[in-house]
Amino acid sequence: MELENNNISINSEEEYFRKSYALELQKKRQQINDHQRGYNELEEERRQVNQQAVRTPGRRGEIIKKEEIEKEFTRRYKEYNKRK
C-alpha cells in the first residue's frame, strides 16, 4: 500500500511539473520559419535544457522538459501551417 501511494505521488508530481512547464513554454516567443529574425526564446530554452542534460544525463526533469519543448514546437508548427 505504501509503495502504491508513493507511485501515485510521483506520478501526480510529474503531471503537475509537465503541465506547469508546458504553460511556461506557451508564454515564450518564437519565430517559426525565419530563424535570422524575430524571437528565439523557445529555441534558447531548448539549448539550455540540452546543455543541462549533457551535464547531468538521465535526470527525469530534463527528459520531461525536452519532451514538452518538442511538443510545443510541433504544436506551433501545426498551428502556423493551418493559418496558411
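Residues that are surrounded by fewer than 13 Cβ atoms within 10 Å (Cβ to Cβ) and part of a helix (DSSP H, G or I) were ranked within segment 49-66; the one that is nearest to the chain's Cα centre (by Cα) is Arg60. Restricting attention to segment 67-84, and to residues there that are over 13 Å from the mean Cα position of the chain (by Cα) and in contact (Cβ under 8 Å) with a residue 12 or more places away in the chain, which single residue is surrounded by the fewest Cβ atoms within 10 Å (Cβ to Cβ)? In this case the residue turns out to be Tyr80.
Values quoted throughout were computed directly from the atomic coordinates according to the rules given, and no laboratory measurement underlies them. Since this is a predicted model, take the numbers as computed values, not measurements. Using ideal geometry, Cβ is built from the backbone for each residue, glycine included, and neighbour counts are taken over all protein chains shown.
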